[in-house]
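The values are calculated or read from the model by the stated rules, or taken from the named source; none is laboratory data. Only a predicted model underlies this, so the values are computations on that prediction, with no experimental measurement involved. Here the Cβ is made from the backbone with ideal geometry for all residues, glycine too, and neighbour counts use every protein chain on show.
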Amino acid sequence: MIQEFKKVWKPYTIGMLWLLGLLWPLLGIHPDGTLTFQKTITVWSYLLAGSFVCLMIYVLKGTDSLKFIADPISRVAGNIKTTSIALPTWIWLGAGLIVALIYPQFAGRYGTDVAISVLLYICLGLGLNVVVGLAGMLDLGYIAFYGVGAYTYAILNTTYGLGFWVCLPLSGFFACIAGCIVGYPTLRMRGDYLAIVTLGFGEIIRIILNNWMELTNGPNGILGVKPIGIFLPVFENGFTFEHFWMKKLQLFYYFALGLAIVAALCVHRLNFSRVGRAWESIREDETAAELMGVNTFIYKLLAYAMGAIFAGLAGAFFAARMRFVSPESFTFLESAMVLCMVVLGGMGSIPGIILGVAALIALPEIFREFESYRMLIFGATMVIMMLFRPAGLIPAKRVGTRSEEKEG
Amino acid sequence: MSIQPMLELKNVHSGYGSIKALKGISLKVMPGEIVAIIGANGAGKSTTLMTICGIVKVEKGEVLYRGKVINKVPPEKLPTMGLCQVPEGRRIFPRLTVMENLRLGAFYRDDTNQIMKDIQHSYEMFPILGERKSQKGGTLSGGEQQMLAIARALMTKPKVLLLDEPSLGLAPIIVQQIFDIIAQINKEKGTTILLVEQNANLALQAASRGYVVETGEITLEDEAPSLLANPKIREAYLGE
């Protein structure tokens with residue numbers, strides 16, 4: 001065991017010293033010009049102790065010294081795995097649905113609020129998954145379509161007084177149009193070039209929202225967007241429908257849940273269809289796909305437009321929930337966030353994306369106390385992920401079980 | 001009136017930007033033939049196939065398929081017309097399964113039942129693909145990938161099959177197997193085959209006629225046996 005430790009202590013020490021060097025400017029230099037060491041050393045020693053424990057476990061595991069613990073654990077894990085596989089998928093889905101349905105009854109206002117953003121981001125993540133995970137086009141300006149959807153509802157609602165349910169398809173439609181306008185010239189590019197161009201177009205849309213004072217009220221944003229309204233049957237004085245504004249967050253949660261479920265079903269169906277197969281062939285090898293008779297341009301545009309529609313729908317919900325929209329909500333950082341959720345969860349995998357979104361939205365909320373270190377932890381998580389689970393938390397399963405192929 | 005050629009190139013020029021790769025290629029492929037194009041690296045063999053398929057645009061001249069000019073036909077339309085290419089380096093879809101790769105070959109077709117039968121037929125033709133049907137394409141060996149690429153192209157039900165360097169990077173015994181399959185496809189299905197090869201010996205043995213391409217031009221055209229016997233060819237391409 002000492003032998004193994006001798007091998008690793010050198011890079012470990014260098015790494016920790018390097019971390020100290022990086023940490024000090026972050027924590028030790030204050031805006032008023034004073035320099036301190038106290039805080040840096042405290043944080044650093046916590047990290048030192050933590051990583052030392054991890055290192056020891058790693059070394060011991062390598063030498064089989066931990067066999068007495070590792071064996072039972074792996075046996076339990078194996079058992080859990082076999083039972084979980086034995087249960088059919090619908091039980092898992094059903095359980096997940098029940099939890100999702102009763103969740104707002106237990107969670108408070110704050111918890112429901114966080115859950116709503118998780119659901120909206122699931123819709124966004126699934127839409128981006130169509131573009132990035134299935135068709136393989138790196139899109140860095142995705143959030144712009146979310147913005148188009150949100151502004152469509154906000155403008156139509158505040159100017160023309162149109163209701164949410166009329167605006168919802170329109171939001172999707174306008175986002176789709178925006179997607180086609182952006183996609184038509186850009187989709188001739190491949191790979192890195194496409195990423196840069198989409199980044200540019202995403203910023204263009206945001207800057208238009210920011211500067212078109214007459215239409216979007218510029219950086220001040222649009223206030224007073226109405227929440228979702230529904231008609232409920234009322235049985236007093238005979239049978240009539242009465243209009244309700246859904247100001248209650250719990251009710252809104254259910255609509256957002258509905259949106260997320262619809263998005264998941266759509267993406268699932270698309271994935272296992274002829275269109276999904278065409279997208280995947282484009283991701284794998286565009287020229288070969290073309291030679292096999294796939295009209296790559298149309299399918300790429302379709303993927304782009306589909307992604308935009310999901311973003312547009314989520315955007316309308318966003319505007320209805322916030323009851324306020326401003327260009328600040330649609331910055332590049334948001335695009336990067338959604339992309340991180342997709343990559344973290346596992347490209348092309350629906351449960352993976354749901355988990356990725358939940359991790360990246362819910363965890364920062366839970367660990368509010370460590371807010372100033374958020375980006376640090378975020379970066380570290382990404383590095384660790386790429387080392388240990390490069391295909392994402394729940395990698396997409398590809399075992400040739402497209403529905404119509406089972407008999408083959 | 002003679003028989004109409006399946007595929008004909010008339011003085012075709014094409015290239016990549018300012019680089020002119022083809023400088024007036026003319027060739028004919030008759031129905032049911034196996035024709036080989038041989039030549040050194042960079043002679044324009046693969047560009048010829050890519051130009052036929054429309055991936056590289058024709059700058060001058062005409063490409064005719066069954067008497068129809070197909071210069072402007074987009075590449076994805078060609079499989080529906082019965083013209084399909086097995087590209088150089090296989091280019092199968094590495095993260096899709098063998099089954100899905102085959103399904104993509106039949107992408108333009110909508111006769112699901114017949115597609116399933118054809119997939120079964122591919123498995124009979126290439127038993128190894130049947131064994132690996134749920135495996136990802138990228139995990140197959142080179143020879144298996146080449147078989148998959150050929151099987152995938154056959155799923156389009158081609159009348160003319162363009163094969164680009166099927167022997168690339170394969171062991172001699174596998175190469176022989178691949179060429180046997182090519183001959184079998186030609187004989188059983190009557191598929192016309194245009195074959196591009198660096199391995200001139202093998203290609204000319206399989207083919208009935210051959211063209212020699214040098215720096216974008218056809219320098220020699222003859223029956224395959226006489227090309228094989230030609231001392232110039234033997235010296236330049238067969239290493240004698």
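Summary of values
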| read-out | value |
| --- | --- |
| The stretch A:281-304, subset surrounded by fewer than 21 Cβ atoms within 10 Å (Cβ to Cβ) and aliphatic (A, V, I, L, M), residue nearest to B:Thr156 (Cα to Cα) | A:Ile298 |
| Helices (runs of 4 or more DSSP H) wholly inside the stretch A:153-230 containing at least 1 residues that are farther than 23 Å from A:Ser326 by Cβ | A:164-186, A:191-211 |
| Hits in the stretch B:112-139 - residues which are touching a Lys or Arg at 6+ places or on another chain (Cβ under 9 Å), more than 10 Å from every other protein chain (Cβ to nearest Cβ) and farther than 12 Å from B:Thr97 by Cβ | B:Asp118, B:Ser122 |
| Segments classed as strands (runs of 3 or more DSSP E), wholly inside the stretch B:142-240, with at least 1 members that are over 17 Å from the mean Cα position of the chain (by Cα) and over 24 Å from B:Met81 (Cβ atoms) | B:209-214, B:217-223 |
| Top-ranked residue in the stretch B:75-111 [being of a type in the set (Lys, Arg) and either more than 7 Å from chain A (Cβ to nearest Cβ) or within 18 Å of the chain's Cα centre (by Cα) (or both); ranked as surrounded by the most Cβ atoms within 10 Å (Cβ to Cβ)] | B:Arg90 |
| Qualifying residue in the stretch A:367-378 (condition: in a helix (DSSP H, G or I) and either outside the structural domain of A:Leu249 (by TED's automatic domain parsing) or buried (at least 24 other Cβ atoms within 10 Å of the Cβ) (or both)) | no |
| Residues that are modelled with pLDDT of 90 or more and buried (at least 16 other Cβ atoms within 10 Å of the Cβ), drawn from the stretch B:198-219 | B:Ala203, B:Leu204, B:Ala206, B:Ala207, B:Ser208, B:Arg209, B:Gly210, B:Tyr211, B:Val212, B:Val213, B:Gly216, B:Ile218 |
| Elements of type helices (runs of 4 or more DSSP H) contained in the stretch A:254-338, each with 3 or more residues being modelled with pLDDT of 95 or more and of a type outside the set (Asp, Glu) | A:296-322 |
| Pick from the stretch A:1-23, criterion modelled with pLDDT under 85 and among the aromatic types (Phe, Trp, Tyr), ranking: farthest from A:Leu48 (Cα to Cα) | A:Phe5 |
| Pairs where the first residue, in the stretch B:138-163, is under 16 Å from B:Phe93 (Cβ atoms) and the second is surrounded by 24 or more Cβ atoms within 10 Å (Cβ to Cβ) and aromatic (Phe, Trp, Tyr), C-beta under 9 Å, 6+ apart | B:Gly138/B:Phe93; B:Arg152/B:Phe93 |
| Qualifying positions in the stretch A:1-28 - exposed (fewer than 13 other Cβ atoms within 10 Å of the Cβ) and either touching a helix residue (DSSP H, G or I) at 6+ places or on another chain (Cβ under 6 Å) or of a type in the set (Val, Ile, Thr) (or both) | A:Ile2, A:Thr13, A:Ile14 |
| Residue within the stretch A:141-151 that is buried (at least 19 other Cβ atoms within 10 Å of the Cβ), in contact with a Ser or Thr (Cβ under 9 Å, 6 or more places away or on another chain) and not in a helix (DSSP H, G or I) present | yes |
| Candidates A:Leu97, A:Leu128, A:Leu138, A:Leu93 - the one that is hydrophobic (A, V, I, L, M, F, W, C), within 29 Å of A:Lys300 (Cα to Cα) and in a helix (DSSP H, G or I) | A:Leu128 |
| Any hit, the stretch B:94-103, residues being within 25 Å of B:Ile119 (Cβ to Cβ) and out of contact with any helix residue (DSSP H, G or I) (no Cβ under 8 Å at 6 or more places or on another chain) | no |
